[in-house]
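Here is the structure we will look at, set down as C-alpha cells.
The values are calculated or read from the model by the stated rules, or taken from the named source; none is laboratory data. Please read all numbers here as calculations on a predicted model, not as lab measurements. Neighbour counts are summed over all protein chains in view; Cβ atoms, including those assigned to glycine, are modelled from backbone coordinates with ideal geometry. Accessible surface is based on the protein model in full, side chains and every heavy atom, while ligands, DNA and RNA are left aside. Shrake-Rupley method; radii C 1.70, N 1.55, O 1.52, S 1.80 Å.
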Amino acid sequence: MTDLSCDVLVIGAGPGGYVAAIRAGQLGQKTIIVEKQAVGGTCLNIGCIPSKALIHAADEFHCVKEAAAGHSRLGISAQSAAIDLSRTMSWKDGIVRQLTGGVAGLLRKAGVDVMTGMATVLDGKTVQVETGEGSVRIACQNLVIATGSTPVTVPALPFGGDILSSTEALALTEVPESLAVVGGGYIGLEIGTAFAKLGARVSIIEAKPHILPHYDEDLSKPISARLKALGVSLSFDSVAQAHDPQRGLLSVRKGDAVEQVPAEKVLVTVGRKPALQGFGLESLGLDMQGPFLRINDRCQTSMRGVYAIGDVTGEPMLAHRAMAQGELVADVIAGHPARWDKRVIPAVCFTDPEVVVVGMLPAQAKAAGHQVEVASYPMRANGRALTLERSDGFVRIVHEAKSGLVLGFQAVGAGCAELVGEFGLAVEMCATVTDLAATIHAHPTLSETLQEVALSALGKALHA
Amino acid sequence: MAIKTIRLPDVGEGVTEAEVAEILVKIGDFVREDDPIAAVMTDKATVEITSAYGGTVVWIGGEVGKTLAIGSDLIRIEDDASKGGTPEMHATADSAGAPPVASAPPDDALQQEAENEAPAQAEAEPPAAAAHGAQAAIASAVADANSLSADKSHAAPRMPDPMRVAPVRPEGAAVLASPAVRQRAREAGIDLRRVAGTGPAGRITHSDLDQWFDDGRQQEIRPGRGTASPSQPSEEIVETVKVTGLRRMIARRMSEANAAIPHITVVEEVDVTEIEALRARLNETRGDKPKLTLLPLVAAALVKARETSPKVFARYDDEADQVFYSSAVHIGIATMTDGGLMVPVLRHAQDRSLFDMAGEITRLSDACRSNKAKREELSGSTITITSLGPLGAIATTPIINKPEVAILGINRMAMRPSWNGSAFVPRMMMNISASFDHRIIDGFDAAVFVQKMKTLLETPALIFMKD
C-alpha cells in the first residue's frame, strides 16, 4: 500500500473534474485526480464530442445522398453515396484521442497528478485507489466528487445485445437497418436523427405528447416536421414494452393498442442518473436532494471539506455547468470568495434543426411573477438562413414588459447553436431589448435574427 | 507610472476573510520586496503579509480592526522603477514635504482634482490621520484614479459598513449586474442587494459601485463616528477602546461556544498528594530535561483516560451533524498572552514522554506569547486543558473550545484536612472542573471520565500501566 497526501483530490476526470483539477493546480494546490476509465469523462469519450462528430458525418453523408438522388436544389449532382461507418468511427475516435490527450497535457501543465484506477472513499479525508500497480491510499484536505452520471435503464429493456445506451450507439460500426429510439429527449433525437440521415429506418417512442418534453411545443414542432421529412416515425404518448431480437421488432403500447415497430437495434435514452454508488460514498452520509448530492452555492456538501460538482449535483446535467462548477470549487478551496451566481445555464440540442434555450421560457417567466412580453422572428426572414437552404425555425425573446430586461431566449433553426453565446452573454450582462436592438449585427448572418427579434419586441421590426 | 496592488493573500485553509491586526506602513513609505507591510488575523493566528514589490506606498485599503475578504486590495505601491529614483531619493523628497507624485505628475485635470480634494479631506480627518495631510490625499486620489483606469475591476474597496446600510432590495430579489460587477462586489465583500442600480432595468453598473465606495469614504471621515454609544452618558466615559484583533476573536469564539453548546460541568475533588510527590521526585533527578509542572502529568492522565472514555476526545461539526473521533490525542493548552487567551496544541500527546510534553508545552507557550505561533500550532485539538495555576479558584466553569466536546479545568491546589477513616490527615487537594458538550456527551459518560481522571491523578502509577 502506497500512501500519498494532497490538498485537493478529485474523483472523476470528466469536464467538471478535470477543470477543477486544472484550476486547483494553477492556484498552487497539490492536486490529484482519479479516473477509473479515460480522462475527459462522458463528454469527451462517449457523449458530447462523439455525438457531434457522428451528427456532422451524417449531415455530410445526407447532403451527398440527396445530390445523388437528384434532390439537390443547388444543382449539385453525384453518382452515388456510400458510407463506411467503421471509418467514420475511426475518424471520431481520432478526435476523441486528440481532445483527451489535450486534457491530459493541460493537467500535466497545471502540475496535477493523474491516477487511473477505481477510487473508494474511506472517509471524508481518505480515499483508496486500486490502480494497475496496486493500492494507493490518499489523504486529502479537500475531496471533490465529480463522478458524473450513467444512463437510466428501462426494466423491460435492459442494456446489452441489441439494446443500446448512447455509448454503444456512438460506437456502432454498421448502420442498422432499423433503429427504435426509446425517449424523445435531446440525446435520443440527436442520435436518432443522425442514424436516419445515415440510412437507418428510425422510430422515436416518447411517453409524453411531444418530443423535447421539457420545452414547449412551439420549439419542438419544427423538429418534428424535419424528422418526418427525413422519414422518421414518431409515436407520442407511447411506451416501449419488449424487444423481439429475432424478428427485429419492438412492441409499443399506446393507450389500449399495441403496435410493432421495426427495431434491429433499440436505443434507450430515457434519462441519466447520478453516479453515486459503488465507491463508498454512502459511508459519508451526505445530505441528498432527491437523487442528487445537496450542495450550497459554493459546491460544498454537508460535510466540511467535501465538495461535489457536475451531474451528481443535479439538473441540468450539462458539461458546461460542470465546468463552471469545477472552476468555482477550485477557487473556493483556494480561499477565494467565489460563489455560484450565474443567471443562466444555456442548453443546446444538436437536433435538426438545432434548438437553443437560454434563461426562462415564457411560461417559466410568468410563473416567476414577471410581467412578460414575448416576441419572435422567423428564420425564413433571414437572408443567411435562406442561403443555407433552410427557412424553418424562429428566434424568440422573453423580456420584462416594463423595463425590457431580457429574461430568456429560445431559438430553433439550422445552425442556430452558434447563437447561444450571444444569448448567454446578453442575459448574464442583464441586457435589455434596447441594448440588443441598438447593437449592429453583421449582415448577412444568422445573428441578425437576434437584433430583429429585439426590434420586434420594441415594436420597431424592420424585416418582418 | 506603474501602480501595483498587493491583495490579501489566502492566509490559511478555508479562510475567506481576515481581520487587519496591524498596518506596518503608511502612505509615502518606501518598502522593499518582502518587507512586512501588514498583519492580519484569522480565527487561529496572526499572519504577517509581506510586500511582493518594492516601491512607495500610495494607498492603504484597510485599517486595524477591519475585516477584509481574501483577494481584496490591501496596499497599492507605486513601482520605484517607474519613478527612476532610489529609495534614498524618495526618502529625501518625502522628508522635504514634497508629494510623492511630484517627480511624475499626473495630467493637469487629475492633479487639479486631487488638489481640490485635498483640503476638504484634510479638514475632515481627525488630527492623527491629518498628519499625512495633503500629500496623502493627493497620493490617494492618484492611486484611485490610476486604479480606475488601469484595473477597474479592483477599484478602491473602501465601503460603507454593510451592516449599517439597509438593503434596497428584499431577500430573494434579483440583483441585476454584469459578472464583472458581481465579482468586484464579491471580492470587496459587498452585498449587491444594498447597492442602488442606475442602469437600464435597475442594472447595477461599475459607476454605481464607485458611488458606493465614495459614499463609504464620506462616512469614514464623518465626524463623530466610532465615539461613545448614545446609550452611555459621555461624561462618565474615560476611555473608549475598540475591540479588535485577538480580543475580538476571543469574544466572538467564546460567545459562539457559549451560545451554541449546552454545557454540563462536573466538579470533583482530587487528592494530588501522590502525583505532586512524584513530580517533585522526577524534577529532582531530571538533569538537563525541562522542569515538570503538573500540566504534563495531567496530559498523560488524559491520554490514559482516552482508553476508557474515547467519546470525550472528539470534534463535533454541528453544521454537518458529524462527530469526528481520532486515535491521536491533541491537547489544547489554554495559554494567557499579553493579547489575550490563545490555545496552542500539544499534538500527539499519546506518543510523547512526560519531559517531551513539558518541553513542547513550554515551546508552544513561548511561541504564543511572542506572537510567533503558526496557524497549524493553534488548530486541531481534540480536548483542552485550562488552568489558572495558583490564581485559580475552588471551582471554575470552563467554556468548551469549539468544536471540541470537552474541556478540563485545573483549579488551585491547597493543603486540606482529609479524613482517612480514623483521623484527619493533611493532603494536597485540588478540584478539577470538566465541562462537556451535552449534545454529544451524556451525564453518565461525563461522570465516568471525571472519575477516571480522579483515579489516575490520585494513583499516578496507573497512568503508566500497560494493560
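Details
- Which listed residue is without any contact (Cβ under 8 Å) to a residue 40 or more places away in the chain, of a type in the set (Ser, Thr, Tyr) and open to solvent by less than 50 Å² (accessible area, probe 1.4 Å), from A:Ser203, A:Ser224: A:Ser224
- Test result for B:Thr56, over 30 Å from B:Ser381 (Cβ atoms) and of a type in the set (Ser, Thr, Tyr): yes
- Evaluation of A:Gly75 against (1) part of a loop (DSSP other than H, G, I, E, B); (2) of a type outside the set (S, T, N, Q); (3) touching a residue at least 40 places away in the same chain (Cβ under 8 Å) (one fails), failing number: (3)
- Residue satisfying condition, being closer than 30 Å to A:Lys125 by Cα and either surrounded by 23 or more Cβ atoms within 10 Å (Cβ to Cβ) or touching a helix residue (DSSP H, G or I) at 6+ places or on another chain (Cβ under 8 Å) (or both), within set A:Leu27, A:Leu54: A:Leu27
- Residues in the stretch A:310-346 that are over 19 Å from B:Pro179 (Cβ atoms), open to solvent by less than 10 Å² (accessible area, probe 1.4 Å) and away from chain B (no Cβ under 14 Å): A:Gly310, A:Val312, A:Gly314.
- Among the residues of the stretch B:309-322, the one identified as of a type in the set (A, V, I, L, M, F, W, C) and modelled with pLDDT under 90 is B:Ala320.
- All positions within the stretch B:257-272 that are open to solvent by 20 Å² or more (accessible area, probe 1.4 Å) and either assigned to a loop (DSSP other than H, G, I, E, B) or among the acidic types (Asp, Glu) (or both): B:Pro262, B:Glu268, B:Glu269, B:Asp271
- Checking each residue in the stretch B:173-196 for being surrounded by fewer than 16 Cβ atoms within 10 Å (Cβ to Cβ) and either more than 32 Å from the chain's Cα centre (by Cα) or not charged (D, E, K, R) (or both) picks out B:Ala173, B:Ala174, B:Pro179, B:Ala180, B:Ala196.
- B:Ser309 meets the conditions (1) out of contact with any Phe, Trp or Tyr (no Cβ under 7 Å at 6 or more places or on another chain); (2) more than 14 Å from every other protein chain (Cβ to nearest Cβ); (3) of a type in the set (Gly, Ala, Ser) in every case but one. The failed one is (1).
- Taking residues in the stretch A:410-423 that are touching a residue at least 40 places away in the same chain (Cβ under 8 Å), and partners anywhere that are buried (at least 20 other Cβ atoms within 10 Å of the Cβ) and basic (Lys, Arg), the pairs with Cβ atoms closer than 8 Å and at least 6 places apart or on different chains are A:Gln410/A:Arg396; A:Ala411/A:Arg396; A:Gly413/A:Arg390; A:Ala414/A:Arg390; A:Gly415/A:Arg390.
- Looking at the stretch A:391-463, the helices (runs of 4 or more DSSP H) lying wholly inside it that each contain 1 or more residues that are more than 14 Å from every other protein chain (Cβ to nearest Cβ) sit at A:420-428, A:448-457.
- Positions within the stretch B:15-28 being open to solvent by 40 Å² or more (accessible area, probe 1.4 Å), of a type in the set (D, E, K, R) and away from chain A (no Cβ under 14 Å), in sequence order: B:Glu22, B:Lys26
- Residue check for B:Glu235: at pLDDT 55 or above and either surrounded by 14 or more Cβ atoms within 10 Å (Cβ to Cβ) or not basic (Lys, Arg) (or both): yes
- Condition broken by B:Thr46, with the remaining ones in (1) open to solvent by less than 50 Å² (accessible area, probe 1.4 Å); (2) at pLDDT 75 or above; (3) under 30 Å from B:Gln183 (Cα atoms) satisfied: (2)
- Wholly enclosed strands (runs of 3 or more DSSP E) of the stretch B:314-406 bearing at least 2 residues within 14 Å of chain A (Cβ to nearest Cβ): B:314-317, B:322-325
- Meets criteria (within 14 Å of chain A (Cβ to nearest Cβ), at pLDDT 75 or above and touching a strand residue (DSSP E or B) at 6+ places or on another chain (Cβ under 6 Å)) for B:Val64: no
- From the list A:Met303, A:Met288, the lone residue that is within 14 Å of chain B (Cβ to nearest Cβ), more than 23 Å from the chain's Cα centre (by Cα), open to solvent by 40 Å² or more (accessible area, probe 1.4 Å) and among the hydrophobic types (A, V, I, L, M, F, W, C) is A:Met288.
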